[in-house]
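Inspection log for the structure reproduced underneath, given as structure tokens.
The values are calculated or read from the model by the stated rules, or taken from the named source; none is laboratory data. These numbers were taken from a predicted model, which means no experiment stands behind them. Counting neighbours? That spans all protein chains shown, and the Cβs are built from the backbone with ideal geometry, glycine included.
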Amino acid sequence: MSNNVYKIKYTISMPDPDMPSPRYHNVIFVQTQADGDGMIHHVTGDITSGMRYDTKPGKRPEVSDTFFAKEFLGTIKATDYPHEMNRVLEAQPPPPKQKHFNIATMKTEQ
């Protein structure tokens, strides 16, 4: 038995004013339940403090108000999930801190 793996794009509720729009939060979604629910693999944090890899349970992506797109990536054997997925994703460096917040100007700086 295998689990389907997708790249999901969600709209961002608070976009970066310094970046062109539209921008999306991209996640890897592994469907583990017959009803379409599963696990979300993504990075959390922000561009001023840095990011880290995280997982959380997720509903069928299409039911989210911020759902934008779904792309099938492939499958992973149920016997390999979640340990192989976590092993691979934890080995990837998360995006680094990209901006600094200047308290004096109350603005972000690169």
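Results, tabulated for the structure shown:
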| item | result |
| --- | --- |
| Subset of region 30-47 (residues that are hydroxyl-bearing (Ser, Thr, Tyr) and surrounded by 14 or more Cβ atoms within 10 Å (Cβ to Cβ)) | THR32 |
| Only one of THR66, THR55 that is of a type outside the set (A, V, I, L, M, F, W, C), touching a His at 6+ places or on another chain (Cβ under 9 Å) and surrounded by fewer than 16 Cβ atoms within 10 Å (Cβ to Cβ) | THR66 |
| All positions within region 46-72 that are over 12 Å from the mean Cα position of the chain (by Cα), more than 13 Å from ASN26 (Cα to Cα) and of a type in the set (A, V, I, L, M) | ILE47, VAL63 |
| From the options ALA69, ALA91, ALA34, residue that is touching a strand residue (DSSP E or B) at 6+ places or on another chain (Cβ under 7 Å) and either of a type in the set (D, E, K, R) or at pLDDT 95 or above (or both) | ALA69 |
| Region 80-108, subset loosely packed, with under 12 Cβ neighbours inside 10 Å and among the polar types (S, T, N, Q), residue nearest to THR11 (Cα to Cα) | GLN92 |
| Output for region 1-11, where each listed residue is surrounded by 15 or more Cβ atoms within 10 Å (Cβ to Cβ) and within 18 Å of VAL63 (Cβ to Cβ) | ASN4, TYR6, ILE8, LYS9, TYR10, THR11 |
| Whichever residue in region 13-24 is within 15 Å of the chain's Cα centre (by Cα) and in contact (Cβ under 8 Å) with a residue 24 or more places away in the chain and, among such residues, is nearest to GLU62 (Cα to Cα) | TYR24 |
| Test for SER49: is it in contact (Cβ under 8 Å) with a residue 24 or more places away in the chain, more than 30 Å from SER2 (Cα to Cα) and among the polar types (S, T, N, Q) | yes |
| LYS77 vs. criteria within 14 Å of ASN4 (Cα to Cα), touching a Phe, Trp or Tyr at 6+ places or on another chain (Cβ under 7 Å) and surrounded by 10 or more Cβ atoms within 10 Å (Cβ to Cβ) | no |
